[in-house]
Amino acid sequence: MSNQLDFVQSPVYVSVNDELVYSTDTEDYGGTPTAISQTAINLTTGKDVTANIITGTPTASGDIITWATVSGFIYSQMYGILLQFTCGDNTFMRRLVIKCNLNG
């Protein structure tokens, strides 16, 4: 099951003022996640916006990954947030699609 892409509650509709923090239980993937990374792409423009909308870094406690905070959305833009992690010998990816449809 290497490089499996799972969609998380997508799409999520947000306002420009929202801040999101998600968690992922990795028990079904083998647990004890390592090599955790989180990136963001503006799907409307195709640009990497990791530095603009992700604050902090994702963390793991046991089998649970707490995603870094995502905020700073631009009205009428769509985003793809990608969480990548390793459990055992396999690398997994989870993607969250966000649509900012409220201006305030």
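Tell me, please, whether a residue that is modelled with pLDDT of 95 or more, in contact with a helix residue (DSSP H, G or I) (Cβ under 6 Å, 6 or more places away or on another chain) and in a loop (DSSP other than H, G, I, E, B) can be found in the range 51-67. Yes; the residues of the range 51-67 include at least one that is modelled with pLDDT of 95 or more, in contact with a helix residue (DSSP H, G or I) (Cβ under 6 Å, 6 or more places away or on another chain) and in a loop (DSSP other than H, G, I, E, B). Here is a check on your reading of the model: is Asn103 modelled with pLDDT under 95, surrounded by fewer than 16 Cβ atoms within 10 Å (Cβ to Cβ) and polar (S, T, N, Q)? Yes, satisfied. Going by the structure shown, is Thr39 out of contact with any Asp or Glu (no Cβ under 6 Å at 6 or more places or on another chain), more than 18 Å from Ser10 (Cβ to Cβ) and either β-branched (Val, Ile, Thr) or without any contact (Cβ under 8 Å) to a residue 12 or more places away in the chain (or both)? No. Residues considered: Thr39, Thr24. Of these, the only one that is crowded, with 20+ Cβ neighbours inside 10 Å and not hydrophobic (A, V, I, L, M, F, W, C) is Thr24.
Can you confirm whether the range 2-15 contains a residue that is part of a helix (DSSP H, G or I), among the charged types (D, E, K, R) and modelled with pLDDT under 95? Checked the range 2-15: no residue is part of a helix (DSSP H, G or I), among the charged types (D, E, K, R) and modelled with pLDDT under 95.
Condition check for Asn52 on (1) within 16 Å of Gln9 (Cβ to Cβ); (2) under 15 Å from the mean Cα position of the chain (by Cα): one failure, at (1). Do we have Ile64 as over 16 Å from Asp25 (Cβ atoms) and either β-branched (Val, Ile, Thr) or surrounded by 20 or more Cβ atoms within 10 Å (Cβ to Cβ) (or both) here? In short, no. The condition (being in a strand (DSSP E or B) and either hydroxyl-bearing (Ser, Thr, Tyr) or at positive phi (or both)) is satisfied by just one residue among Ser76, Ser37: Ser37.
The values are calculated or read from the model by the stated rules, or taken from the named source; none is laboratory data. Owing to the predicted nature of the structure, the values given are computational and were not obtained by experimental measurement. We place every Cβ from the backbone using ideal geometry, glycine too, and count neighbours over all the protein chains shown.
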